[in-house]
Amino acid sequence: MHSIIQDLRYALRQLRKSPGFTLTALITLALGVGITAAVYSVIQTVLLEPLPYADPGSLVGVAFAYPEDKPNAEQTGGSADFVRDHGAEFSSTAVMDDHGQAVNLSISGGHAAQVMALRVSEGYFRTLGVAPALGRGFLAEEDRPSGPRVVVLSDGLWKRVFAQDPGIAGRVIRINEEAFTVVGVMPAQFAVNTESAPGVMATPELWQPLQLGPKDPGYDGDNYEMVARLRPGVTLEQMRQHLSTLQQPFYQRYPNYRKWYSRDNELHTFRAWKLQDVVVSDVRRTLLTVMGAVVAVLLVACLNLAGLMTARAMQRTREIAVRSALGATTMQLLRLVLCEGLLLSAGGGALGIAVALSSVRVLLRASPLPVPTLHGEGNAWLLSGIVAVVALVAMAVFSALPSWMILRSQDRLARLGGAMSGRAMLGDTVSHVRLSRILMLAQVALAMVLVSTASVLLGTFVRLRALPSGVAPKQLTVFQVTLQGDAYAHTQRTSQFVETVLDQLRRTPGVDSAAAVNGLPLDRGLNISGSPSDRANLNQIVGLRTVTPGYFRTMGIPLLEGRAIDESDHTGGTPVAVIGEAAAKKWWPGRSPIGEYVRIGNEQNWRVVGVAGNVQTNSLVESDRIILYVPMVQISDEFSAIVNGWFSTSFAVRTAAHVNLAETAQQAVAQADMEIPVAKLTTMQAVIDGSIRAPRFFSLVAAGFSGFAVVLTVIGLFGLLSYQVTQRTREIGVRMALGADRGVILRGFVGRGMMLAITGVALGWAASWMLRPVVTHLLADAGVDAGAGAAGIVMNAATAAALAACAIIAASLVASWLPARRAASVEPMQALRSE
């Protein structure tokens, strides 16, 4: 032990004498180890740890889905009811909305706050095996259509709004201006996720009874999810066999679902997966891909440090020779070299813990993926342990292996003899040269893979940014309000509220125009059946937006033909509609649609009065979609209740210059209704940017990883050639004394570096070509599916690889030229005199 302590002290002194090497090694190791540990910690929490529910192995997600769909729990109202009625294999089932809804919770002073609510069936908490901390869950009679209005609160909402009132159970609160009775409060550790917007996860703060029935507006669509708990002794495979027997009787009872075909003309089937597979299905592939990229970066860091440690060990040949001559064994010499690696790994690991702890928070907050929150904050001790393990493994890669290869080389004794006799060393050993080249080739190849992948992602993101959204976002501010409940189940009441708000906004100095819509572009909106009135065979799912006069001018949507919706389109007047350009081309190709009629759902016919430019409604890469616009004041009360119940009402305000509308929006809405809060006040450009946040995130992450890898590769190549120049100074002097041209020396060293770079690039090109499916899947998970109309947007893999190759070769040329220039500037007499 005493000798080990001495070796550690000696290694520490040696590292202090080489601050440049030490600092480079510590930063490289800290970044590589810290980021690797952070990503693994997320994967461990999300993918590997069991769900935080009682007996999670018996929980399954039950779906009515296409055969090729990934694990999910999507259901229609009819299919969910059918499975519940024939659920002999389940001990309990739960059905819920497939996304949460913002509701207005009244608080003291007559104001309201917007919170996330989730409608669930009465078996929801029982199926998950979690009981309320206070009160109870929902009763069967409370889950029936038109049942009592009750609510269960989250622990956070109970503490934040109701001051941990122990008598909260039985208290009446106001939600959407209606009275609800609180029946329970969930425990603090109960955390679930739901989508609040496409691809955006949120945590419900209160739960309401689902009260599912055939009259529910979304009953016939796939607007629900289903979770079940298997009976004891029933396996997942047995349950799947049971579900397969339900196919035929279901389609006999609901023949309309036979119209739901996939691209391969396949019908929906009843399917089931483990609930954990359902929860992580949207992020599993992407997280594993990111982990692979992180491991590649860590390998580049380890290879870089291995090269540096190998060169450093070779520079200590004379010292090692002296120790060997004095009787040091091979293991003692190896221990001496390993002590430096141990100190570096300890220091890098300590810094890596700080990097990992901060990186986990950054990843979870910045990631656009719907990462499920299963266990709250990460375990700092677990993360520290992961860092320690990764740091030790990294030390074994960058320190133990090259040092052992150096010490066991066949020609070490000859070099040691030369060192002892005072003769100069004429160059590297064969094994050292071979090892250094292998390490360098591996670095370049990995860097090539990372840079080519980043090039695809960055190129695709740049193209996405250039795609038109169909609106003019400059100086356009938007915000939302929720108009749910009986108070806004009528068109007249809704229209009065909207007009009051718009009137106040239009009076604001600097405001050019203002309008309202149910469903902004690139945000969630209503999908409904639509067709030309005289051709029902063209019926299809279309996007419907209810708007106010001035909407197209405010949004900057061009009017291609006819007129826009204006003040003459009032309640009781002729129902009119403005259609998108895609609808005009598909339904009335080659002629004007003005004066034609469209049928929307079960509503009456609407006369087409105008054609507007195409607008992207779901994403920037979607094909031109059919969109219909109708006056907000002309829809029926029944339809108004459906639209307000499912979607927020958005206000758009165009200003002449930059105007802060936060206070103005609050005042305008408060004047119309004190119990309606303003939410999501932002710019239209932010909405557009948010629609491509996933490609942007992956592009920046990939760019960061590849940039780090390229920098390490340049450092490694520069260090390798610099070391070779130092070792061969006498040889260079002799060559030049015998008449060798300086250009030959320069080209020789540059050629060595470029040969390594080109060979590594070739290997990396082959590897990146084989990894093309991985990049395609990553883009698809980010919402850019090349098979769904985005083929021309995704950057060509060959072009990206060529750009990556040029970048790495150019960087390698710079890294090779600097040491080569130093070699070519060696003065023969000085080199010989120094020996």
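The values are calculated or read from the model by the stated rules, or taken from the named source; none is laboratory data. All of these numbers come straight from a predicted model, not from anything done at the bench. With ideal geometry, Cβ positions are generated from the backbone for all residues, glycine too; neighbour counts draw on all protein chains shown. These accessible areas exclude ligands, DNA and RNA; they are computed on the full protein's heavy atoms, side chains included. Shrake-Rupley method; radii C 1.70, N 1.55, O 1.52, S 1.80 Å.
In region 552-576, what count of residues is obtained for those that are open to solvent by less than 30 Å² (accessible area, probe 1.4 Å), among the polar types (S, T, N, Q) and in a loop (DSSP other than H, G, I, E, B)?
So the count comes out to 0.
Which one is most open to solvent (accessible area, probe 1.4 Å) among residues in region 276-321 that are in a loop (DSSP other than H, G, I, E, B) and within 22 Å of residue 48 (Cβ to Cβ)?
Among them, the one singled out is 282.
Give region 153-181 a look and list any residue that's farther than 18 Å from residue 102 by Cα and assigned to a strand (DSSP E or B), or say none.
Answer for region 153-181, where residues must be farther than 18 Å from residue 102 by Cα and assigned to a strand (DSSP E or B): 172, 181.
Considering only region 519-530, state which residues are open to solvent by 10 Å² or more (accessible area, probe 1.4 Å) and not β-branched (Val, Ile, Thr).
Across region 519-530, the qualifying residues are 522, 523, 524, 525, 526, 527, 529.
As an exercise: evaluate residue 194 against (1) touching a helix residue (DSSP H, G or I) at 6+ places or on another chain (Cβ under 8 Å); (2) open to solvent by less than 20 Å² (accessible area, probe 1.4 Å) and give the number of the one condition it does not meet.
The failed condition is (1).
Every residue, every condition in (1) at pLDDT 85 or above; (2) more than 46 Å from the chain's Cα centre (by Cα); (3) polar (S, T, N, Q); (4) farther than 18 Å from residue 453 by Cβ, yes or no:
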{"residue": "744", "(1), (2), (3), (4)": "no, yes, no, yes"}
{"residue": "749", "(1), (2), (3), (4)": "no, no, no, yes"}
{"residue": "755", "(1), (2), (3), (4)": "yes, no, no, yes"}
{"residue": "771", "(1), (2), (3), (4)": "no, no, no, no"}
{"residue": "776", "(1), (2), (3), (4)": "no, no, yes, no"}
{"residue": "791", "(1), (2), (3), (4)": "no, no, no, yes"}
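Just for region 244-275: of the residues that are assigned to a helix (DSSP H, G or I) and open to solvent by less than 40 Å² (accessible area, probe 1.4 Å), which one is nearest to residue 715 (Cα to Cα)?
Among those that are assigned to a helix (DSSP H, G or I) and open to solvent by less than 40 Å² (accessible area, probe 1.4 Å), it is 275.
Please state which one of 30, 65 is crowded, with 17+ Cβ neighbours inside 10 Å, closer than 19 Å to residue 342 by Cβ and of a type in the set (A, V, I, L, M, F, W, C).
On the way: 65 fails: closer than 19 Å to residue 342 by Cβ.
Unique residue meeting the criteria: 30.
Within region 214-231, which residues are touching a helix residue (DSSP H, G or I) at 6+ places or on another chain (Cβ under 9 Å) and either open to solvent by 60 Å² or more (accessible area, probe 1.4 Å) or at pLDDT 90 or above (or both)?
214, 217, 220, 222, 224, 225, 226, 227, 228, 229, 230, 231
Out of the residues in region 465-501 meeting the condition of being assigned to a helix (DSSP H, G or I) and of a type in the set (D, E, K, R), tell me which one is surrounded by the most Cβ atoms within 10 Å (Cβ to Cβ).
In the first step, residues of region 465-501 are kept if they are assigned to a helix (DSSP H, G or I); the result is 465-466, 486-488, 491-501.
Next, from what is left, pick out any that are of a type in the set (D, E, K, R): 465, 486, 493, 499.
Numbers: 465: 13, 486: 11, 493: 17, 499: 15.
Of everything passing the filter in region 465-501, 493 is surrounded by the most Cβ atoms within 10 Å (Cβ to Cβ).
How about region 587-615: which of its residues are farther than 14 Å from residue 531 by Cβ, touching an Asp or Glu at 6+ places or on another chain (Cβ under 6 Å) and open to solvent by less than 20 Å² (accessible area, probe 1.4 Å)?
Within region 587-615, 611, 613 meet the criteria.
Among the residues of region 135-152, which ones are within 36 Å of the chain's Cα centre (by Cα) and not in a loop (DSSP other than H, G, I, E, B)?
The answer is 143, 150, 151, 152.
For (1) in contact with a His (Cβ under 6 Å, 6 or more places away or on another chain); (2) free of Cβ contacts under 8 Å to residues at least 60 places away in the same chain; (3) within 26 Å of residue 222 (Cα to Cα); (4) buried (at least 20 other Cβ atoms within 10 Å of the Cβ), each residue gets a yes or a no:
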| site | (1), (2), (3), (4) |
| --- | --- |
| 50 | no, no, no, no |
| 55 | no, no, no, no |
| 71 | no, no, yes, yes |
| 82 | no, no, yes, no |
| 95 | no, no, yes, yes |
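Restricting attention to region 129-172, and to residues there that are over 27 Å from residue 91 (Cβ atoms) and in contact with a Phe, Trp or Tyr (Cβ under 6 Å, 6 or more places away or on another chain), which single residue is most open to solvent (accessible area, probe 1.4 Å)?
Looking at residues that are over 27 Å from residue 91 (Cβ atoms) and in contact with a Phe, Trp or Tyr (Cβ under 6 Å, 6 or more places away or on another chain), I get 149.
Looking at residue 549, is it open to solvent by less than 10 Å² (accessible area, probe 1.4 Å) and either of a type in the set (Lys, Arg) or part of a loop (DSSP other than H, G, I, E, B) (or both)?
Considered against the rule, which asks whether it is open to solvent by less than 10 Å² (accessible area, probe 1.4 Å) and either of a type in the set (Lys, Arg) or part of a loop (DSSP other than H, G, I, E, B) (or both), residue 549 comes out as no.
For region 590-675, give me every one of the strands (runs of 3 or more DSSP E) that falls completely inside it and has 2 or more residues that are closer than 24 Å to residue 476 by Cα.
Answer list for region 590-675: 605-612, 627-631, 649-655.
With 735, 693 as the choices, which residue is open to solvent by 40 Å² or more (accessible area, probe 1.4 Å), more than 30 Å from residue 457 (Cα to Cα) and among the basic types (Lys, Arg)?
Numbers: 693 fails: more than 30 Å from residue 457 (Cα to Cα).
When all the criteria are applied, what remains is 735.
Which of the following residues is outside any strand (DSSP E or B), among the small types (Gly, Ala, Ser) and buried (at least 19 other Cβ atoms within 10 Å of the Cβ): 584, 516?
Checking each option against the conditions leaves just 584.
Yes or no: residue 702 in contact (Cβ under 8 Å) with a residue 40 or more places away in the chain and closer than 24 Å to residue 300 by Cβ?
Yes; evaluated as a whole, the condition is true for this residue.
Can you tell which of 544, 559, 538 is at pLDDT below 90 and not hydroxyl-bearing (Ser, Thr, Tyr)?
Going through 544, 559, 538 in turn, just one is at pLDDT below 90 and not hydroxyl-bearing (Ser, Thr, Tyr): 538.
Would you pick out the residues in region 657-689 that are of a type outside the set (A, V, I, L, M), open to solvent by less than 20 Å² (accessible area, probe 1.4 Å) and either closer than 30 Å to residue 784 by Cβ or without any contact (Cβ under 8 Å) to a residue 12 or more places away in the chain (or both)?
Matches in region 657-689: none.
With (1) farther than 27 Å from residue 54 by Cβ; (2) over 35 Å from the mean Cα position of the chain (by Cα) as the list, and residue 176 as the residue in question, which single condition is left unmet?
(2)
Out of everything in region 254-274 that is basic (Lys, Arg) and modelled with pLDDT under 90, what residue ends up being farthest from residue 85 (Cα to Cα)?
Ranking the candidates gives 263 first.
Looking only at region 479-498, decide whether some residue is of a type in the set (Ser, Thr, Tyr) and farther than 30 Å from residue 666 by Cα. Show your work before the answer.
Let us first name the residues in region 479-498 that are of a type in the set (Ser, Thr, Tyr), namely 482, 488, 491, 494-495.
Retained after the next criterion (residues that are farther than 30 Å from residue 666 by Cα): none.
Within region 479-498, none of the residues are of a type in the set (Ser, Thr, Tyr) and farther than 30 Å from residue 666 by Cα.
Kindly list the number of the only condition in (1) closer than 25 Å to residue 67 by Cα; (2) at pLDDT 80 or above; (3) open to solvent by 70 Å² or more (accessible area, probe 1.4 Å); (4) assigned to a loop (DSSP other than H, G, I, E, B) that fails for residue 234.
(3)
Mind checking whether some residue in region 701-720 is outside any loop (DSSP other than H, G, I, E, B), under 30 Å from residue 524 (Cβ atoms) and either at pLDDT below 80 or open to solvent by 30 Å² or more (accessible area, probe 1.4 Å) (or both)?
yes
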